[in-house]
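The block underneath contains the structure these notes are about, expressed in structure tokens.
Every read-out reported here was derived from the displayed coordinates using simple, explicitly stated rules and does not represent laboratory data. Not measured: the values here are computed from a predicted model. Here the Cβ positions follow ideal geometry from the backbone for every residue, glycine too, while neighbour counts run over all protein chains shown.
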Ligand SMILES: [Zn+2]
């Protein structure tokens, strides 16, 4: 792991706490770490494999802080009932049928496809939240293996729920525990991490919530859970569990700086305070929220209070640049204020996602600085206007996403070049995936 690679002849955008834009810059990678970043004439090139960035932008790989690989086979599926008219119907008529029809082989191909798509769009780290209630055991290892083949860094968990009865719930607990024991706090493995997953307050009994909390805390794990994604999570529409979701999570001792609460739409200021005081991470998923018609999270409010909010796709896309654009536009739309959302969307993707993700790996990611894990992408973007620190977000929002990602390096290894995921036959994967999806559609 001591090979040296120099990526040069591009504009280096470091991001991080002290972001820099370096014209004619270079990044030196040794093994899986970044060793040096600077102007080309400052960075040692001796004994390196050289990669020419072709004048493009050299920047950190992107991070998706909330995703569901398992949803891949939903594309084009025909619903069996009337179109769902609310969020619970979306779950009951689509997702809770689809996930129960998945085999472990389906899980593998459902993962390979978005992993490759994401990598081609510059996403080098994904936090996934998995469900396959009739194929639970080994499902996380199946995803981990697929991620290893594509070469994407992942943090995985299984979504425990009471919706399919006590045996399935227990298998979900077991899957989290088994995977956490193998991959959480595991020192040298910088490609894989784990959390304790739970579906959502509305499908979790008090007993299950407390049992999951106990098991997770014994392993020093963070929790990853959908939180107030719809009003149903607060209003007890399923008729079992009454309290407000943040109160329940706090009472179960699940909040904290390694916990991710996805969505956080239907919360009030007191609940934001609770999230802030506990250091809990929130992940905003604007495209999914708009698609499910569940409302818009008050991200401007949360950010102004100091809550750490990152950005995820909730599997609506594998492309974080798409999510960035929608996060920006949604805030303008809901506030009717043309000043809203632009800086905040950039902060969520380029600052907060790396802060959240770096908690789960032994070295920092999402920044080009010496000592950080070498996740580097090159975007074929030749700015048509001056690019410097004062207007960086303008280029990151309106310029860089318009250009193709030419290269993706993860953990110091080149994994994608010119749209081709190295070491994976994407055509073969797609053919197999279509066949598996066709069979799954017959079963579901
Ligand atoms: Zn989700």
Relative contact order of segment 93-234, please, whole-number percent, based on alpha carbon pairs below 8 angstrom and at least 6 residues apart.
21
With a cut-off of 15 Å, note down the residues of segment 364-394 whose backbone N falls inside the zone around a label point 7 Å from the Cα of residue 44 toward its beta carbon.
370-371
Mean residue ellipticity at 222 nm from the helices of the chain, using -39,500 (n - 2.57) per DSSP H segment of n ≥ 4 over the full residue count, to the nearest 500 deg cm²/dmol?
-10000 deg cm²/dmol
Quote the FRET efficiency, to the nearest 0.05, computed for residue 391 versus residue 185 with a Förster distance R0 of 56 Å and r equal to the Cβ-Cβ distance.
0.85
Would you mind computing the Rg to Rh ratio of the chain from its alpha-carbon coordinates, Kirkwood style for Rh?
0.96
Distance in Å, no decimals, from the C-alpha centre of segment 354-371 to the one of segment 104-123 is 22
Rounded to the nearest 0.05, what FRET efficiency do residue 168 and residue 145 have when you use their Cβ-Cβ distance and R0 = 25 Å?
0.60
Need one number: nm distance between label points at residue 343 and residue 97, each 7 Å from Cα along Cα→Cβ, rounded to one decimal.
4.7
Please state the relative contact order of the chain as a whole percent: Cα pairs under 8 Å, 6+ residues apart?
20
For segment 53-94, max minus min Cα coordinate along each principal axis, in Å, sorted largest first?
52, 20, 17
Spin-label model distance (nm) - residue 359 vs residue 304, 7 Å beyond Cα toward Cβ:
2.4
Quick check on packing: order 373-386, 340-353 by the mean number of other C-beta atoms within 10 Å, highest mean leading.
340-353, 373-386
If the chain between residue 417 and residue 17 were fully stretched, how many nm would it gain, using 0.36 nm times the residue separation less the Cα-Cα distance?
141.1 nm
Relative contact order [Cα under 8 Å, 6+ residues apart], segment 159-231, whole percent
35
Here FRET efficiency (C-beta to C-beta, residue 247 to residue 335, R₀ 35 Å, nearest 0.05) is 0.80
Computed label-point distance, nm, for sites residue 432 and residue 382 using a 7 Å Cα→Cβ extension:
4.0
Sort 273, 175, 188 so that the residue with the fewest other Cβ atoms within 10 Å of its own Cβ comes first and the one with the most comes last.
188, 273, 175
Between residue 269 and residue 219, 0.36 nm times their residue separation minus their Cα-Cα distance comes to what?
14.9 nm
Residues of segment 345-385 with amide nitrogen under 17 Å from the 7 Å Cα-to-Cβ point of residue 24?
383
